[in-house]
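**Q** My questions all concern the structure below.
Read-outs throughout are calculated quantities, based only on the coordinates presented, and are distinct from any laboratory measurement. As the structure is a computational prediction, the values presented were derived from the model and not from experiment. Every residue, glycine among them, receives a Cβ derived from its backbone with ideal geometry; neighbour counts consider all protein chains shown.
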Amino acid sequence: MREYMREYIKEVDKKISDNHKFSNEEIEDFLFKMNLFQRERVIHLGITLSYVFFTILFLFLTKYIFMMFIIFFILLIFDGFYVYHYFFLENSVQYMYKQYDKMKKGSIIKKNRKEG
């Protein structure tokens, strides 16, 4: 997902820098993908918070059973990776908001209607 998101953002940036005139279909496609990325972000927020909850739980359990420290340490490592990935998703989606503003502001939207 990371690589797909990076490539898509680069592709849209290139079109924006080339003063590409975005059609309604392109903007709708962009909004659809942005919505998917937002959902992914929310899912990862839930996973990250769950891991943090269990990490804290196992930290308290180390007071009674010292072997729980091993599980706590493993969960702490996972927390680091999940937080890192979540911030990547968060920053990328926020960047896509800026891209959307540029697409709407800097371009004249073509009408994709056939007159006949």
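**Q** Hey, what did the chain get for relative contact order, percent, Cα under 8 Å, at least 6 apart?
**A** With pairs under 8 Å counted, the relative contact order is 47 percent.
**Q** Another question, if that's okay. Relative to the first principal axis of the alpha-carbon coordinates of the chain, what is the inclination of helix 68-106, with its axis defined by its Cα atoms, in degrees from 0 to 90 and to the nearest 10?
**A** For 68-106 against the chain, the angle is about 10 degrees.
**Q** Continuing with the same structure: Using every alpha carbon pair in segment 46-86, what percent of pairs falls into each 5 Å bin from 0 up to the bin containing the largest distance?
**A** Final binned percentages: 6, 30, 30, 19, 10, 5, 1.
**Q** Further, regarding this structure: For K102, which aspartates and glutamates qualify as cross-link partners when the Cα separation must be under 13 Å and same-chain residues fewer than eight apart are set aside?
**A** Partners within reach: D13, D18.
**Q** Could you give the dipole magnitude of the chain about its Cα centre, charging the beta-carbon of Lys and Arg +1 and that of Asp and Glu -1, in debye to the nearest 20?
**A** 400
**Q** Using only DSSP helix segments of four residues or longer, with each worth -39500 (n - 2.57), what per-residue ellipticity at 222 nm results for the chain after dividing by its residue count and rounding to 500?
**A** About -29000 deg cm²/dmol.
**Q** Which ³J(HN,Hα) values in Hz, rounded to whole numbers, follow from the phi angles of segment 43-51 under the Karplus curve 6.51 cos²θ - 1.76 cosθ + 1.60, where θ = phi - 60° and Gly and Pro get x?
**A** 4, 5, 5, x, 5, 4, 5, 5, 4
**Q** Here's a follow-up. For the chain, what number results from the quotient of the Cα radius of gyration and 2.2 N^0.38 Å?
**A** Relative to the rule-of-thumb radius for its length, the chain sits at 1.56.
**Q** Please give every one of the lysines within straight-line cross-link reach of K104, meaning a C-alpha to C-alpha distance under 17 Å, and leave out same-chain neighbours fewer than 8 residues apart.
**A** Correct list for K104: K14, K15, K21, K33.
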